[in-house]
Amino acid sequence: MELFKVYPLADLRIERANGSYLWDENGVQYLDMYGGHAVISIGHTHPHYLERIQNQLSKIGFWSNSVHIPIQEELAEKLGKISGKEDYQLFLVNSGAEANENALKLASFHTGRKRIVAFSHAFHGRTSLAVATTDNPKIIAPVNETDEVTFLPFNDVKALEDYFTKYGKETSSVIIEAIQGVGGIRIATDRFLQKIRTLCDSYGAVFIADEVQCGYGRSGMFYATDYAGINADIYTMAKGMGNGFPIGAISIAPQFKPSFGMLGTTFGGNPLACAAALAVLEVIENEGLIEKAKSRGTYLLNRLKAIDGIENVRGKGLMIGFDVPDEIKNLKKHLFDEFQVFTGEAKPNVIRLLPSLAISRKQVDEFIDALQESIVELKEVTEIN
Ligand code: PMP
């Protein structure tokens, strides 16, 4: 049987990884500036992570959510502390889409309303409601289209106010990425996030912060919405939470009351995934990775801003993007082919950097050197042609 290939594949047959490096089948080394799409938070194959998972597997990997699972309680306590939301409740799932799906559903149960606000260029996942709130017609099947979702322009306070004046009382939730990832590293202004908070409070709507990509320390704060000094009612997370082990979660404000049947999952919160997630939080704490994401991110951002030939360098922490002018449009491929550096991308011409939060300064310098040389080489080719 052949694989059902849904992504354009880079020419890399991957075999193993360590820290911020990947190796292919022939032993060629690549610098990982993509972090498996913001998933690799503490670095590949971290020894504490391996030990925690192996140890858990030798005790119990899975049984069922119909009994108490102490390691879930341990994870909830640690996550509450590190995120600064100790009074929130935790519901564990398996992916980002599932987290958003459950958050949107819970908001609707809570308010008894149907309308949802999402924003231009948003990406929230590929399950039913998650995809319905995603601004990309290519990935929304007709069955997922719904009039209940309104897309407003990102960072447009006036459009938000006008919408709420008209439909606020029918609105169940607003879902937003404080830093849009797939949308191309677009940063919500503090004022915009604060306005969403005020309007949700006035009209009884639920504020859902999708922190699947920008959260979990990546932005240099635990949640990217923390920069605006506000609390969301529900935070959704996944990617960096498991450093590659599939796990996601929703962190739910105390006013929400769970009732039997509302949410459920077979695999969500299994002991093995919890062990992975706990190991990640322990490493984040022990190695000061949130502070590191902030300082190393600032260093990377400043070095990028000093480079001639790329445009609109932006980002927070280790979630950074820049525009690639037409003249050097093959930059991503060139970095990969000639310098063995793997970067991310977003349409139309954005390079996205989402490295491990533990990336070293030396590795950042290695990336900058490769980038500078690539730009020179690509410009030379353009001039010759
Ligand atoms: N939300 C955001 C902001 C994302 O970037 C993604 C994945 N790119 C998702 C949700 C969906 O996560 P998953 O692929 O784990 O379902």
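Values in this text are rule-based calculations from the coordinates and carry no lab data. Note that the structure is a prediction, hence the values are computed from the model and not measured. As a convention, Cβ positions derive from the backbone with ideal geometry for all residues, glycine included, and neighbour counts pool all protein chains shown.
Restrict the check to region 117-132 and report whether at least one residue is of a type in the set (Gly, Ala, Ser), touching a His at 6+ places or on another chain (Cβ under 9 Å) and more than 16 Å from ALA209 (Cβ to Cβ). Among the residues of region 117-132, at least one is of a type in the set (Gly, Ala, Ser), touching a His at 6+ places or on another chain (Cβ under 9 Å) and more than 16 Å from ALA209 (Cβ to Cβ), which makes the answer yes. Among ARG126, ARG113, which is buried (at least 16 other Cβ atoms within 10 Å of the Cβ) and more than 23 Å from the chain's Cα centre (by Cα)? Within the list ARG126, ARG113, the selection yields ARG113. Looking only at region 221-241, count how many residues are assigned to a loop (DSSP other than H, G, I, E, B) and surrounded by fewer than 24 Cβ atoms within 10 Å (Cβ to Cβ). Qualifying residue count for the region: 5. Filtered by the rule that a residue be touching a residue at least 60 places away in the same chain (Cβ under 8 Å) and within 13 Å of the ligand (Cβ to nearest atom), region 217-230 gives ARG218, SER219, TYR223, ALA224. Just a yes or no: is a residue in region 247-261 more than 13 Å from the ligand (Cβ to nearest atom), under 22 Å from ILE40 (Cα atoms) and in a strand (DSSP E or B)? Among the residues of region 247-261, at least one is more than 13 Å from the ligand (Cβ to nearest atom), under 22 Å from ILE40 (Cα atoms) and in a strand (DSSP E or B), which makes the answer yes. I'd like the residue in region 343-356 that is surrounded by 20 or more Cβ atoms within 10 Å (Cβ to Cβ) and out of contact with any Gly (no Cβ under 6 Å at 6 or more places or on another chain) and, out of all such residues, is farthest from LEU289 (Cα to Cα). So, considering only residues that are surrounded by 20 or more Cβ atoms within 10 Å (Cβ to Cβ) and out of contact with any Gly (no Cβ under 6 Å at 6 or more places or on another chain), the one farthest from LEU289 (Cα to Cα) is ILE351.
Based on what the data block shows, is ASP24 among the charged types (D, E, K, R) and under 21 Å from LEU354 (Cβ atoms)? Yes; evaluated as a whole, the condition is true for this residue. Could you list, in sequence order, all residues of region 262-300 that are among the hydroxyl-bearing types (Ser, Thr, Tyr) and either assigned to a helix (DSSP H, G or I) or more than 16 Å from the ligand (Cβ to nearest atom) (or both)? Correct list: THR266, SER295, THR298, TYR299.
Taken together, ASP135, ASP147 contain a single residue that is free of Cβ contacts under 8 Å to residues at least 12 places away in the same chain and within 25 Å of LYS166 (Cα to Cα), which is ASP147. Tally time: how many residues in region 315-336 are touching a helix residue (DSSP H, G or I) at 6+ places or on another chain (Cβ under 8 Å) and part of a strand (DSSP E or B)? So the count comes out to 5.
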